[in-house]
Amino acid sequence: MPPKRLRAPTANAAASKRTRLSQPSHHRPSQPLSQPLSSPGLDLPVASASLPSEPTQASEPEPTAQTFESQFSQLRPESAIITPVEGSIAGTVATSAVDVGIDEDRVEDELPEGYADNFDGIDWTRLRSYMKPLSRAKRGKSWIFQHGYRVVERNAPDRIWFVCKYCHTRKVIDAGGAGLFDVTRATSSAAAHLGQRKVGHNLTKTGQRQELDLAGSQGQLSLRQAFSTGVKMSQSAANALGHFDVHQFRTAAVLWLVDNNHPLRELSTPAFREMIKFANPEAEAALWTSHVSVTTFAVSLFKFMQPQVVRALSTAASKIHISFDGWTTKGGKRGFFGVVAHFANNSGVIQDLPIGLPELTGAHIGTAIAAAITTTLQTYGITSDRLGYFVLDNAANNDTAVAALAT
């Protein structure tokens with residue numbers, strides 16, 4: 001019969017787990033324990049205990065056994081114990097304004113600027129639909145509020161608005177100008193407004209933007225600027241040099257965008273405007289500040305030039321050959337077909353004119369393509385007797401489209 005292992009019945013569970021006895025199979029009476037507990041790196045004595053022959057009959061209570069932690073601390077010499085310094089409990093002791101001598105009346109003034117709202121100079125009579133926020137910002141506010149006011153709608157207090165201080169105090173907003181922006185979700189529009197290169201603005205997160213001095217010059221002076229500085233000029237010279245053609249310059253700018261496939265926002269970027277201003281301040285003032293205005297002008301320019309294209313096609317000295325191809329936006333939501341007419345004019349010069357970009361809705365099947373191309377050809381007066389070849393790729397739907405156009 002294998003030997004059984006018995007636990008020393010001590011009061012402390014941790015000591016009983018570390019002390020185990022090996023009892024022979026003859027059930028001899030228990031002997032006192034004097035065997036030390038061995039541990040790597042430590043030589044710790046274990047208090048001796050006596051196992052009674054009848055565990056249920058304990059005549060007197062046993063002394064409480066020492067824990068492992070208490071035994072370990074007793075092994076350390078007194079000189080090795082470091083007394084805590086006086087400030088070691090500072091992190092656990094609650095303090096109050098009275099304990100540390102804080103002037104509670106000054107706490108309001110010592111809050112970070114990013115949390116406090118400043119309404120100095122605001123005229124609430126000109127902002128009747130707005131009011132102060134119901135509470136201060138929980139986190140530090142954006143840098144834009146250093147140059148404006150943080151207000152909310154009276155009917156929707158959760159909607160936060162930015163009021164440009166410069167534009168508000170000078171009543172630019174009242175006159176219909178910019179300066180009031182919804183910043184509930186993003187502050188980019190307000191930041192772009194503050195970054196405009198004009199008086200009272202030209203601001204960034206780090207402060208006033210430093211202007212680049214191009215070789216110590218401010219660029220070419222316009223006649224308007226020259227007259228403002230007191231320059232005298234004869235009437236004939238002023239008539240010859242003045243009268244800047246704003247419409248012609250705008251047309252040239254839009255054609256430059258289209259011919260070079262530039263984004264419509266190019267004209268409103270600060271770097272581009274700074275370059276134009278250096279060459280001619282009148283030209284910079286003629287540019288649009290919004291890409292939406294550029295789009296409107298481009299569409300108007302297309303409608304203006306369309307009759308000229310029709311006339312050029314009507315005087316073609318050759319057959320008019322057509323090429324078209326499809327293009328689909330990312331995700332396949334919208335599809336377009338670019339249509340180009342190729343012909344020789346009266347001077348024998350080959351012309352390649354884009355005449356249409358119809359949108360094709362639904363599946364790009366041959367009959368749908370043929371319907372879109374037919375509408376474009378009719379718009380420009382291209383009849384079947386004047387058609388030459390269709391130059392296309394070898395897609396099956398193009399074959400179907402050409403067959404439909406031939407009927």
Going by the structure shown, is Ile369 surrounded by 13 or more Cβ atoms within 10 Å (Cβ to Cβ) and touching a Ser or Thr at 6+ places or on another chain (Cβ under 9 Å)? yes
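Quick grid of which residues meet (1) in the same structural domain as Val391 (by TED's automatic domain parsing); (2) in contact with an Asp or Glu (Cβ under 7 Å, 6 or more places away or on another chain); (3) in contact (Cβ under 8 Å) with a residue 60 or more places away in the chain:
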| position | (1), (2), (3) |
| --- | --- |
| Ile276 | no, yes, no |
| Asn280 | no, no, yes |
| Phe324 | yes, no, yes |
| His342 | yes, yes, no |
- Message: Suppose the filter is at negative phi and either outside the structural domain of Ala395 (by TED's automatic domain parsing) or touching a Gly at 6+ places or on another chain (Cβ under 6 Å) (or both); does Thr367 pass it?
- Response: no
Cβ pairs under 8 Å, 6+ apart or interchain, first in the range 179-198 and farther than 22 Å from Ala271 by Cα and in contact (Cβ under 8 Å) with a residue 40 or more places away in the chain, second surrounded by 13 or more Cβ atoms within 10 Å (Cβ to Cβ) and of a type outside the set (D, E, K, R), ordered by first then second residue, are Val183/Ser142; Val183/Ile144; Val183/Ile160; Val183/Trp161; Val183/Phe162; Val183/Ser189; Val183/Ala190
| query | Quick check: is even one residue across the range 293-305 part of a strand (DSSP E or B), more than 21 Å from Leu405 (Cα to Cα) and outside the structural domain of Leu267 (by TED's automatic domain parsing)? | reply | no
Across (1) farther than 28 Å from Ser189 by Cα; (2) assigned to a helix (DSSP H, G or I), Phe244 clears everything bar (2)
Taking the stated definitions as given, is Ala178 among the small types (Gly, Ala, Ser) and modelled with pLDDT of 90 or more? no
Residue count, the range 257-272, condition in a helix (DSSP H, G or I), of a type outside the set (Asp, Glu) and farther than 18 Å from Ala286 by Cα, comes to 1
Within the range 198-250, residues at pLDDT 70 or above, surrounded by 10 or more Cβ atoms within 10 Å (Cβ to Cβ), of a type in the set (S, T, N, Q) and outside the structural domain of Ser188 (by TED's automatic domain parsing) come out as Asn239, Gln248
* Would you say Ala403 is among the small types (Gly, Ala, Ser) and surrounded by 12 or more Cβ atoms within 10 Å (Cβ to Cβ)? -> yes
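The values are calculated or read from the model by the stated rules, or taken from the named source; none is laboratory data. None of these values were measured; they are calculated from a predicted model. Neighbour counts run over all protein chains shown; Cβ positions are idealised from the backbone, glycine included.
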